[in-house]
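Notes to accompany the following structure.
Readers should treat all values here as calculations from the given coordinates under stated rules, not as data from a laboratory. It should be emphasised that the depicted structure is a prediction, and the values quoted were computed from it without experimental measurement. Backbone-built Cβ (ideal geometry, glycine too); neighbour counts: all protein chains shown.
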Amino acid sequence: MNTHFYHNQKPPRRKILLHLVDSLFILFACTFSYGCHILTYHLPYDPLMLLAELLFTLVVHTVFSLLLRVNNIIWRYAGSYEYLYIVAVHAFAGIISFGFSVFLFRNELPAACYIFSILILLTMIVLSRIIYHEICLQKSMPSYTSDSKRLLIIGAGAAGCRLLEEIKYTPDCNLLPVGFVDDSNQKIRRTLHGIRVLGTISEIPEICENEQIDIIYLAIPSLSQERRSEVLAECLKTSCTLKTLPVISEIHNTNSLITSLRYITPEELLCREPMEVADSNVTAFIKGKRILITGGGGSIGSEICRQVAANEPERLVLVDVYENNAYDIQQELISKYGDSLNIEVYIATVCDVNKINAIFDAEKPEIVFHAAAHKHVPLMEQVPDEAVKNNVFGTFNTVMAARRTGVQVMVLISTDKAVNPTNIMGATKRMCEMIIQYADSISPDTRFTAVRFGNVLGSNGSVIPLFKKQIENRQDVTVTHPDIIRYFMTISEASQLVLTAGAMAGGGETFVLDMGKAVKIDDLAKNMIRLAGLTLGKDINIRYTGLRPGEKLYEELLMSEEGLNKTPNKKIFIGKNIPLDLEIFEKQLAELRALVDDPAVTSEAVEKMLMEIVPTFHRVDAAALPSDKTVGA
């Protein structure tokens, strides 16, 4: 590289111009101050000495400006620090020139004359930079057109102020900032960078209508989850597109707030307060233990792997039939923990009893989390024998292997669909709970327990990823029924519950989570459409397809025979077990195994047998329910 070229470039014209302007200010400030004092107080003066003093002052200020690189500052982006810096440099230069002037020129001008000249100079220099800053800002600001989107910013604080500045410095953003809203009464009706605080957050719908707002930016990263939910509820009353800044911990490494803005996620739409259930008991339960997780590559299983790995197990064993998912979570954990995590992966199905027994014999796990299962309701309606083989007897194989090898605790991941099931999948999961109860009754050394919860946000096959994909592709959003409701929880919550259940397990329990408020799927679909900036009936429609085979309008967490017992955690309860006749259940399991092993087995025969074993299994008559109806078209 030719460094000589870079070290000998001529200073840019901007810097030369600023030095010339500053020189004129220095000469004017000194001349004006000297003249005022001489004429006012009739002071004697020597014109040559006065001229020499002016030139000396000019030289001192110029030398300080050059040495301290005052005009290297990019004034269009200057802040308070830069203004204080230039004031300090010229104030110090003024004091130095005053001291030397008294010593060298011995004039009779009072000290007030020099102070006055310094004040005039500082005022002129600061004002010139402010004017220059504003001129540059105006040049860089976008030119608003009829196509510009009218923007409302929620939060007239530091983040909102910085976001507004970035918008003004970004000509191609095509946004017209109209105003702020903020709950601080001291800010209402005041202005920030020329933009007015129009009202409070509760007035958002009215403000958006009156000001014809197109887009809302939520610029309060420190907002609590509860208050965030309230703000989103107000925004959903408008027809505006909504974006938000992430929480503070997610944006501290980026220099741009505009690029940090994102659409509201479905998880935020559901406004579910994060549940904190992991505690020191969980750490003590996991640390130093040999942990085995079936279905460890799935949505729930992989998150359990992450949380187990964070609690320093002696060894983590992952079993999954799908190698891609198993490989992904294995590499993620190795990348994060390196050699500090002792991890082993087996590609195997829980239906293979010999393979499962071999894994248990080799690994000797102390704690087992059983997440492997077929969970897709409509598909299991078509292949009930496979649902039974995988869910029922895969669980039975795992339970028996755990019992035989002396596992301390085994936790089954169950579902709310096991409660009064109306489909094959739910019936098989209810049988899994019965197997856990059976195994605990005959196993004095191993504690078997089940964990029951509702739908998991973002899991494979859940409704939210489907809605996202349909909205992105501008396809009709398919909702099975306008009145269908579901309970939701995050994958992290579900996994924390599983770990907590294991730590609390005494044996034979079915743990139930307080799932909070039920969510109407139709409202969820409409809100996801709205927050994607689309208009229902104009850009996209909702199509009601009718309840799928085995699907019901609402899910339950408890059967009528069950009650709830409290636990030390206010979010977790224990359902009371329904009495189980062990001999009859053993006979039923044998008959069911023989049935599904028959190559000529029919779906009707499997369903009939499941209804005999699970008395609460019943079908929903969906004939009277509306189907294939489109709204918004």
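Compute the length gained on full extension between Arg543 and Tyr85: take 0.36 nm times their separation in residues and subtract their Cα-Cα distance, giving the result in nm to one decimal. So the extension gain works out to 158.5 nm.
Distance from the alpha carbon centroid of region 374-437 to that of region 487-511 works out to 16 angstrom. Helices that extend 24 Å or more along their long axis by alpha-carbon positions and average at least 1.6 on the Kyte-Doolittle scale are, among the DSSP H runs of the chain, 47-67. Modelled spin labels at Gln212 and Thr170, positioned 7 Å past Cα toward Cβ, are 2.4 nm from each other. Peptides 595-608, 86-99, ordered by how many other C-beta atoms sit within 10 Å of their residues on average, highest first, read 86-99, 595-608.
Please compare each pair in Lys429/Lys608; Lys375/Lys469; Lys375/Lys608; Lys287/Lys389; Lys336/Lys375; Lys469/Lys517 to a cut-off of 23 Å on the Cα-Cα distance and tell me which ones are over it. Mind showing how you got there, number by number?
Values: Lys429/Lys608 16 Å; Lys375/Lys469 21 Å; Lys375/Lys608 20 Å; Lys287/Lys389 34 Å; Lys336/Lys375 30 Å; Lys469/Lys517 25 Å.
Going by Cα-Cα distance, Lys287/Lys389; Lys336/Lys375; Lys469/Lys517 fall outside the 23 Å limit.
Each label was represented as a point 7 Å from its Cα along the Cα-to-Cβ direction; for Leu20 and Asp514 these points are 7.5 nm apart. For a straight C-alpha distance cut-off of 17 angstrom, the lysines reachable from Lys168 (same-chain residues fewer than eight places away being disregarded) are Lys139, Lys149. For the chain, adding -39500 (n - 2.57) for each run of n ≥ 4 DSSP H residues and dividing by the number of residues yields -14500 deg cm²/dmol at 222 nm. Relative to one another, the C-alpha centroids of region 42-70 and region 579-612 are positioned 104 Å apart.
At a Förster distance of 56 Å, what's the computed FRET efficiency of Ser224 paired with Phe103, Cβ-Cβ distance as r, to 0.05? Please report the intermediate quantities before stating the final value.
Details: r = 64 Å, r/R0 = 1.14.
For R0 = 56 Å, the calculated efficiency reads 0.30.
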